[in-house]
Amino acid sequence: MEVFRTAILQPAPPESFALRIVQQVIKPQKGTKLVQDENQLLENILRTLLQELVSSAVQSGEQIMEYGQSIDDGEATRGHIPRLLDVVLYLCEKEHVEGGMIFQLLEDLTEMSTMRNCKDVFGYIESKQDILGKQELFARGKLVMLRTCNQLLRRLSKANDVVFCGRILMFLAHFFPLSERSAVNIKGVFNTSNETKYEKDAPDGISIDFNFYKTFWSLQEYFCNPAPLTVAPTKWQKFTSTLKVVLNTFEAQPLSDEEGDANNLEESANFSIKYLTSSKLMGLELKDPSFRRHILVQCLILFDYLKGPGKSEKDLPSESMKEEINSHEEHVKKLLEMTPPKGESFLHKIEHILEREKNWVWWKRDGCPPFEKQPIEKKTVQDGAKKRPRWRLGNKELSQLWKWADQNQNALTDPQRIQTPAISEYWKPLAEDMDPAAGIEAEYHHKNNRVYCWKGLRFSARQDLEGFSKFTEYGIEGVVPLELLPPELRAKYTPKNNDKSKRAKKEDTKGSEHQVEENQIAAAATEVDSEGLRTDGGAFVAPLDVDYTTAVGNTSQGGSPMADENQKQSSDTDGGPEAGQLEDDAEVDAEVDAEGDAGMIDGEMEPEVD
């Protein structure tokens, strides 16, 4: 520790002695890069040294970032703590030590400092923003830096330290990438804890209308959480009635140009994010142009939210509500133009800001795609290389497209020209939307895109017929393959065992019925064949008997009907019991066919008998 204390007193730059001091204290195994245990040992030494320096600065009564500062040859040298931070930052940048060490020291320093000293510490952080934002350091310490800034924001007063809070928020906006999801508020949750408290009971000796006072400040409840206005019609009616009273009061008490010049916002350096709500100040606040603009701009922001794009159909306002919004919006814009100074110019700026805000709404609705693009590698031109050719249509792609048919005639018939994606890849965005951990609102889900769902059903019908069959029971979310879903959702879209058993039982029943029909047809065909063989055999083997029987049958047709009944009974007996048990229709058909064959034989043999 004493070695580092002596090293930070040197006026030389950190790169001339930083690595040598680390090797002298730690004696690393790999020479220029510390392993995990060595990093931990060095971090403990530096944190202890930092704590001692802060304690010495507090005892001396100096600012911690200025402690140890001296003037040599007319130039002021840096303090002990900034020198120590510079040494550690150089070691982290050159990857001699772990990259997150500098962020840990900065967090410790802000926790040990007062708010006055924190401003100086944060000034150092802002000055090193480019180095701290490098990829090798940012990946190691972004969470520590975010925690440090959030702790500072909690300690600061939102009313008295507005500028410092703004510096911290601006630093976070520059330090983190634009598409960082931790600051996007994917769910669109409102800060309902920001309540505006005002007096509920009228004090004694008040000179204004106390009912108007309560009506005016009750608008802040709707500005704080405007989501229920489109769902509850009673709240919307109450809000519109309250807003009409306030706007009519503003219109009845216009401000003069003299009052606007007396409260020129452009020359004022004091800004407040919340106004005082005392009833005694109501009369003065109504004459303040900045106060009026504050309320009227809040109204425009509320109307812009209610009409904002990217909402589902259930969250959109009704047609009657849209007409009321438009009328109130025109009234608010008219009042802004009337409010001095430069009311018309101020209105144009607000409209421009709200119009740009719609781009962010659409970007958020699309899932916050990244804005950053990888830089294109520049190819160095070697000596003697050919110059860039001049293309007929301006560039290479357009020229090749123009000559495509001549150079590649089979391009349109190439099987690789159009490829069908796999269902596991196609349904992955919808599976991410269904995951509760992702926190994506229902209005931004891919299931609301009809073209996406239609294409997915076509792909599933070709590749996953079992999953496609679940569409009728579970909807489009049931078609998503189960392996893409989180474990807690798989049971919801998995078919029950009872359904599977019923389906299998139904298929077995259909199969047995089909088998019975085949057996009936086979039995009927066998009976017909057997009758035909017997009839044919009688005709060729014993023609006289057949003729005689036929003649006797023909002779006895008039007075002996029992012969036909005996013949039918004999055919029934030959058909067998199985055919009669299975189906009566097949038995009758076989019986008719057999009698028809016998009748034909009798008809052929009758002339010989005559």
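A few points about this structure:
- Inter-label distance for residue 441 and residue 5, nm, one decimal - labels placed 7 Å from Cα along Cα-to-Cβ: 5.8
- Whole-angstrom gap from segment 127-176 to segment 425-447, using each part's C-alpha centre: 31
- Listed cross-link partners 307/455; 364/455; 214/322; 128/364 are compared with a 29 Å cut-off, the Cα-Cα value being larger for 307/455; 128/364.
- Take 35-45, 84-94 and order them by the average number of nearby Cβ atoms within 10 Å per residue, most first; the result is 84-94, 35-45.
- Full extension of the segment from residue 29 to residue 313, taken as 0.36 nm per residue of separation minus the current Cα-Cα distance, would add 95.8 nm.
- Gain on full stretching of the segment that runs from residue 419 to residue 58 - 0.36 nm per residue minus C-alpha separation: 122.9 nm
- Between residue 179 and residue 108, the modelled label-to-label distance comes to 3.7 nm, taking each label 7 Å out from Cα in the direction of the beta carbon.
- Solvent exposure of segment 1-123 amounts to 51 Å² per residue of accessible area, where only protein heavy atoms count and the probe is 1.4 Å.
- 14 Å beta-carbon shell around residue 247, net charge (K/R +1, D/E -1): 0
- Efficiency of FRET from Cβ geometry, residue 77 and residue 20, R₀ 22 Å, rounded to 0.05: 0.60
- Length gained when the stretch residue 344-residue 363 is fully extended (0.36 nm per residue, less Cα-Cα span): 3.9 nm
- Estimated distance in nm for a label pair at residue 351 and residue 211, the labels positioned 7 Å out from Cα along Cα-to-Cβ: 3.6
The values are calculated or read from the model by the stated rules, or taken from the named source; none is laboratory data. Computed from a predicted structure; not experimentally measured. Cβ sites come from the backbone with ideal geometry, for glycine too, and all protein chains shown count toward neighbours. These area figures cover heavy atoms from the full protein model, side chains too; ligands, DNA and RNA do not enter into them. Shrake-Rupley method; radii C 1.70, N 1.55, O 1.52, S 1.80 Å.
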